1. Using a simple spin-label model with points 7 Å from Cα along the Cα→Cβ vector, what separation in nm is obtained for residue 152 and residue 81?
2. Work out the FRET efficiency for residue 175 and residue 144 from their Cβ-Cβ distance, taking R0 = 25 Å, and round it to the nearest 0.05.
């Protein structure tokens, strides 16, 4: 593994219905789960869209957000708080988000979920901008799952079970663990 390998802990809280999302949440990664409009034959909810935001829930409650087009019903949101990471990095005198913990974590989650066979359709595109390419640098994440009241979960709920507890991108391949 490369010397610049970073490991982050992501505490996932949820699932939340849109009406129950906490207003104070900001600087987070979020994951929408649900059923796709384009594939009604899928009988269960799976991760459908992943993103990051520094504006709090306003960003993904916008009417123009892709979740409305992708999942008209049964959608729920997981909010991830990244421990040990910052939203921006400083490169010279300029702040950038390119290699921040949030950008790298989002890239790994999207890339990982794109490669998992969620079901037999080609409609699962979590984030077209990020899902095609692997993360730019080696990264690992430890996913911990909590209820929306911040109580630790004993089991991973069905809607997010496709996300392994440990995901590592070593620069060449994905390594996962439970």
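1. My value for the distance between the label points is 1.5 nm.
2. On the way: r = 18 Å, r/R0 = 0.73.
Rounded to the nearest 0.05, the efficiency is 0.85.
Just so you know, all these numbers are worked out from the coordinates, no wet-lab data involved. All of these numbers come straight from a predicted model, not from anything done at the bench. Note: ideal-geometry Cβ built from the backbone for every residue, glycine included; neighbour counts use all protein chains shown.
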